[in-house]
Amino acid sequence: MIIRLSDKLARKINAPARPALTPHEEPCADWSAHLFRIGKIEFIIFTNTTTLYSALIRSAGVRCDGDLMVRGFLAVEAVLNLDGMGSLYSDRIAPHTGTAIFAKALNRSVTGSMNDLIRLAPAYFHDASTTLLEASCRLNDVPMLSTLGGANPRAAMKALTATPPGPASNEARP
């Protein structure tokens with residue numbers, strides 16, 4: 001499992017220096033995370049690096065990499081379950097969570113697409129009753145022209161369910 005941290009998020013959780021890594025051989029095991037604000041509230045967007053499928057969490061209480069892992073993947077699992085892809089989590093994401101390593105962002109394309117989703121996030125919180133889960137689902141409906149050729153992150157993640165999984169590994173990558 002690779003979790004690619006933005007510099008801002010790495011500072012917040014006091015993450016050690018991170019290497020640049022090539023994409024994980026299992027696309028479901030490569031995630032990017034970024035810290036952002038809406039008003040005075042800090043959030044973290046947890047995004048699959050390949051599909052841009054995302055889950056939002058509040059950053060309050062996320063003080064270390066363990067907090068980030070637990071809260072981030074609980075949110076990812078909840079969004080996948082809501083979208084009818086819970087087996088994708090249990091079959092292709094969960095087996096990799098025990099071997100997570102932190103890395104720098106993969107490239108500007110992924111970072112730029114995450115920033116586009118972050119810019120849209122406040123619009124989904126126009127109603128005070130909107131939950132993080134609902135806002136996450138709405139973000140996953142956004143067509144991503146430059147990165148996904150016009151598909152939305154949900155469709156891209158569903159397409160992964162049709163592909164065979166990459167190698168499961170219990171060892172950390174160098």
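The values are calculated or read from the model by the stated rules, or taken from the named source; none is laboratory data. Given the structure is predicted, the values throughout are model-derived calculations rather than measurements. Using ideal geometry, Cβ is built from the backbone for each residue, glycine included, and neighbour counts are taken over all protein chains shown. The area values use the complete protein model at the heavy-atom level, side chains included, leaving out ligands, DNA and RNA. Shrake-Rupley method; radii C 1.70, N 1.55, O 1.52, S 1.80 Å.
Can you find a residue in the stretch 62-71 that is touching a helix residue (DSSP H, G or I) at 6+ places or on another chain (Cβ under 7 Å) and either at pLDDT below 95 or closer than 22 Å to E134 by Cα (or both)? Looking through the stretch 62-71, at least one residue is touching a helix residue (DSSP H, G or I) at 6+ places or on another chain (Cβ under 7 Å) and either at pLDDT below 95 or closer than 22 Å to E134 by Cα (or both). Out of all the residues in the stretch 1-18, which are in contact (Cβ under 8 Å) with a residue 60 or more places away in the chain and outside any strand (DSSP E or B)? Within the stretch 1-18, M1, S6, A10, A15, P16, R18 qualify.
In the set (1) surrounded by fewer than 21 Cβ atoms within 10 Å (Cβ to Cβ); (2) closer than 28 Å to A20 by Cβ; (3) of a type in the set (F, W, Y), F125 fails one condition alone, (2). Looking across F46, F102, one residue alone is part of a strand (DSSP E or B), aromatic (F, W, Y), open to solvent by less than 10 Å² (accessible area, probe 1.4 Å) and touching a helix residue (DSSP H, G or I) at 6+ places or on another chain (Cβ under 9 Å). It is F46.
Take the conditions open to solvent by less than 30 Å² (accessible area, probe 1.4 Å), at pLDDT below 95 and not in a helix (DSSP H, G or I) and apply them to L21. Does it pass? So L21 fits the description; yes. Selection of the stretch 108-159 for residues being modelled with pLDDT under 85 and assigned to a helix (DSSP H, G or I) yields F125, L145, S146, T147.
Within the stretch 83-99, the set of residues being open to solvent by 50 Å² or more (accessible area, probe 1.4 Å), part of a helix (DSSP H, G or I) and farther than 22 Å from S59 by Cα comprises S87, S90, D91, P95.
Scanning the stretch 4-18 for residues being surrounded by fewer than 20 Cβ atoms within 10 Å (Cβ to Cβ) and under 12 Å from T49 (Cα atoms) gives a total of 0. Among the residues making up the stretch 24-42, those that are in a strand (DSSP E or B), in contact (Cβ under 8 Å) with a residue 12 or more places away in the chain and either touching an Asp or Glu at 6+ places or on another chain (Cβ under 8 Å) or surrounded by fewer than 21 Cβ atoms within 10 Å (Cβ to Cβ) (or both) are L35, F36, I38, I41, E42. Among the residues here, L80 qualifies as out of contact with any Ser or Thr (no Cβ under 7 Å at 6 or more places or on another chain) and closer than 13 Å to C28 by Cα.
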